[in-house]
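A.B. asks: The structure that follows is given in the form of structure tokens.
Bear in mind that the values in this text are calculations on the coordinates, not laboratory data. As the structure is a computational prediction, the values presented were derived from the model and not from experiment. Ideal geometry is used to build each Cβ from the backbone, glycine not excepted, and the neighbour counts take in all protein chains shown.
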């Protein structure tokens, strides 16, 4: 029997990444998970905990592999989630302006024992003027994105350099997922 990949996510970006790579899947969003960081939790542990929780919150059938992921933008020691509003997006973009940050994605493939892994990409932002930040926030694009930006969208012009997986910054480290899928497919 051929295993079926189940994407445990509402993210249109994750769906697009898998679809563009020709990986067949179905979407089954998980039950809501509390995404509050635990006291003293490292960003890596945070994204792994949430990816596992999302995978476990998604019903699975026989022969299915659940794929869940969680992405965090980390500036210094601060985890930047999705902005609470325009003022929060402005604050995040001001914090990212002219400096390097990390994007960390935790993935969980669940078909029996969970397979957990992370991908880290370093991203450099150009210095942004107050007007550039304001115009970007007013575009609405930052509002549902971790760290208040989309590398594949309007913010692409602000990012002169990355080190690591581009797709990780978009929301799913595709090569890492594909590598682990290859090792699981024969076991499910």
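A.B. asks: For segment 98-168 and segment 75-96, write down the distance between their C-alpha centroids in whole Å.
C.D. replies: 12
A.B. asks: So what is the 222 nm mean residue ellipticity for the chain from helices alone, if each DSSP H run of at least 4 adds -39500 (n - 2.57) and you divide by all residues, rounding to the nearest 500 deg cm²/dmol?
C.D. replies: When only DSSP H runs of four or more count, the value is -9500 deg cm²/dmol.
A.B. asks: What order, most packed first, do the peptides 156-167, 87-98, 23-34 have when packing is the mean number of other Cβ atoms within 10 Å of each residue?
C.D. replies: Going from most to least packed, we get 87-98, 156-167, 23-34.
A.B. asks: What ranking, highest mean first, results for peptides 47-55, 108-116 when packing means the other Cβ atoms within 10 Å averaged over each residue?
C.D. replies: Result, highest mean first: 47-55, 108-116.
A.B. asks: So how tilted is helix 43-56 from the main axis of the chain? Cα-based, degrees 0 to 90, rounded to 10.
C.D. replies: 40
A.B. asks: Listed highest first by mean packing, meaning other Cβ atoms within 10 Å per residue, what order do 5-18, 117-130 come in?
C.D. replies: In descending order of packing, they fall as 5-18, 117-130.
A.B. asks: To test your reading of the geometry: what angle, between 0 and 90 degrees and rounded to tens, separates the Cα axis of helix 86-96 from the longest principal axis of the chain?
C.D. replies: In the chain, helix 86-96 runs at an angle near 90 degrees to the longest axis.
A.B. asks: Give the angle, between 0 and 90 degrees and rounded to the nearest 10, that separates the Cα long axis of helix 130-139 from the longest principal axis of the Cα atoms of the chain.
C.D. replies: 40
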